[in-house]
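Right, one structure below, let's go through it.
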Amino acid sequence: MQRKKIITSAFSNLYTDQRIEKVCHTLYESGYTIELIGNDWNGAEEMVRPYSFSRIHLMSKSLKTAYFEFNWKLYHQLKKKADRNTILHANDLDALLPNYLIAKKLNIPLVFDSHEIFSEMPAVQGKMSQKLWRYLEKSVIPDIRLMITASESYAAWFRNKYGIDATVVQNAPKKIDNIPDIPENYPKILLYQGVINPFRGIDKAILAMHHLEGVIFKIAGDGPKKKEYEELVIRENLQGKVQFLGKLLPQDLRKITLTADCGMSIEENGGESYYYSLPNKVLDCIQARVPLILSGLPEMQNIKQQFDIGEIIMDHQPEHIAQAVKTVISKGRKNYQPELEKAAAALCWENEEIKLLQVFERASETL
């Protein structure tokens, strides 16, 4: 039987969004016709995908106006492309309204995938835009029937706030079966991977390098705080201990991850979206069989309780971060392998995509 058409949309240039790529690939491999819509905000690098995709051109110079422009243009794109044989798939709150309106207009199913608690992100806290996002959330989400989110804590938040039962599909990487031999590095490598944003603990980890010898801190990624943290490294005279690797292609980042002695995910409590998150980097390091230092936020505590894959930092004092790194390095990466193997078998995309497909099966049944 011919599968239905799915139109997936996101305020994203699509290039580095691994969750959307994995979701679309799984749906495509399962026989759905996929059309992916993003935008060219922050660039439009060349991509090759086995399914159809397009990027809406945005003329806006500020992010605030870009959101309005994207939603307006997305509405008209969906109006042209969607029909009664379509499932709409909105990624995050900033793409939800056009999908919701078209789903209502055509009486077709909508799957909402909330990668985070968008209205509680640090970038919008205390701003007028937060009130607008909260209003949209409150107006639309209680009426949604099919929702996915990225952590159990997020699902509990949405259930308590809006009475909606979201299916948890963690943003786990695909299974890596053949891990190369663990390198014998000197100096040892502490790795941060991801967006260089506030509340990620990066600045504290840089200062922790004063308390670590025989360790180099590699920061893979780009973001709004990169220049500030580069200046911090110079000011603290840590150029020999901290390296900024820049933004890497996913396949290049995976190669770097495999070489690390210790990963880090020491997010701070920058609001409920951060507090309840399960960062991608945790699952990426687990799949690469790299132990981590972790902050004591709920999802990371939960992982640590199930699998002994690293150390929880006492707090964000640089000397305490350094102590956790020392513990991981002194135990050695090989020591953590049995628990990392168990965690990698459980926390992989092959397990998560089963739940994803069940949601879209339910959506197909409502057509």
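The values are calculated or read from the model by the stated rules, or taken from the named source; none is laboratory data. Please read all numbers here as calculations on a predicted model, not as lab measurements. In this analysis, Cβ positions are derived from the backbone assuming ideal geometry, glycine residues included, and neighbour counts consider all displayed protein chains.
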(request) Could you identify the single residue in Ala150, Ala155 that is buried (at least 16 other Cβ atoms within 10 Å of the Cβ), of a type in the set (Gly, Ala, Ser), farther than 30 Å from Lys255 by Cα and at pLDDT 95 or above? (result) Ala155
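Rundown of residues vs (1) closer than 25 Å to Gly126 by Cα; (2) touching a Cys at 6+ places or on another chain (Cβ under 7 Å), yes/no style:
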site	(1), (2)
Lys227	yes, no
Arg254	no, no
Met264	no, no
Glu268	yes, no
Tyr274	yes, no
Pro279	yes, no
Asp284	no, no
Gln287	no, yes
Leu292	no, yes
(request) Would you be able to tell me the number of residues in region 102-146 that are free of Cβ contacts under 8 Å to residues at least 60 places away in the same chain and touching a Ser or Thr at 6+ places or on another chain (Cβ under 7 Å)? (result) 5
(message) Show me the strands (runs of 3 or more DSSP E) found entirely inside region 254-328 where at least 1 residues are within 16 Å of the chain's Cα centre (by Cα) and in contact (Cβ under 8 Å) with a residue 60 or more places away in the chain.
(response) 262-265
(request) Identify the residue in region 109-141 that is within 18 Å of the chain's Cα centre (by Cα) and part of a helix (DSSP H, G or I) and, among all such residues, is surrounded by the most Cβ atoms within 10 Å (Cβ to Cβ). (result) Ser119
(message) I'd like to verify a number: residues in region 329-344 that are free of Cβ contacts under 8 Å to residues at least 24 places away in the same chain and surrounded by 20 or more Cβ atoms within 10 Å (Cβ to Cβ), how many?
(response) 0
(request) Please give the number of the condition Glu319 fails out of (1) surrounded by fewer than 16 Cβ atoms within 10 Å (Cβ to Cβ); (2) under 26 Å from Asp177 (Cα atoms); (3) not hydrophobic (A, V, I, L, M, F, W, C). (result) (2)
(request) Could you tell me which numbered condition Ile164 fails, if it satisfies all but one of (1) farther than 17 Å from Leu96 by Cβ; (2) among the aliphatic types (A, V, I, L, M); (3) part of a loop (DSSP other than H, G, I, E, B)? (result) (1)
(message) under 27 Å from Lys174 (Cβ atoms) and out of contact with any Pro (no Cβ under 6 Å at 6 or more places or on another chain): which single residue out of Leu238, Leu212, Leu232, Leu248 fits that description?
(response) Leu248
(message) What's the total number of residues in region 103-128 that are under 17 Å from Gly270 (Cα atoms) and among the small types (Gly, Ala, Ser)?
(response) 3
(request) Check region 75-89 and report whether any residue there is under 29 Å from Pro198 (Cβ atoms) and in contact with a helix residue (DSSP H, G or I) (Cβ under 8 Å, 6 or more places away or on another chain). (result) no
(request) Looking only at region 275-290, decide whether some residue is touching a strand residue (DSSP E or B) at 6+ places or on another chain (Cβ under 7 Å), among the small types (Gly, Ala, Ser) and assigned by TED's automatic domain parsing to the domain that holds Ile202. (result) no
(message) I'd like the full set of residues that are in contact with a Ser or Thr (Cβ under 9 Å, 6 or more places away or on another chain) and not in a loop (DSSP other than H, G, I, E, B), limited to region 167-209.
(response) Thr167, Val168, Ile189, Leu191, Tyr192, Gln193
(message) The conditions are (1) within 22 Å of Ile313 (Cα to Cα); (2) under 24 Å from the mean Cα position of the chain (by Cα), and Leu207 fails exactly one of them. Which is it?
(response) (2)
(request) Pick out the one residue from Lys342, Lys281, Lys355 that is farther than 29 Å from His211 by Cβ, in contact with a Ser or Thr (Cβ under 7 Å, 6 or more places away or on another chain) and of a type in the set (Lys, Arg). (result) Lys355
(request) Write out, first by first residue and then by second, each pair whose Cβ atoms fall under 7 Å of each other, whose residues are 6+ apart or on separate chains, and whose first residue, in region 11-25, is within 17 Å of Val111 (Cβ to Cβ) while the second is among the aromatic types (Phe, Trp, Tyr) and assigned to a helix (DSSP H, G or I). (result) Phe11/Tyr67; Phe11/Phe70; Lys22/Trp349
(request) Starting from region 155-169, take each residue that is at positive phi and list its partners that are surrounded by fewer than 16 Cβ atoms within 10 Å (Cβ to Cβ), counting only C-beta distances under 8 angstrom and pairs at least six apart or across chains. (result) Gly163/Pro142
(message) When you scan region 348-356, do you find a residue that is out of contact with any Asp or Glu (no Cβ under 9 Å at 6 or more places or on another chain), free of Cβ contacts under 8 Å to residues at least 60 places away in the same chain, part of a helix (DSSP H, G or I) and in the same structural domain as Gly201 (by TED's automatic domain parsing), even just one?
(response) no
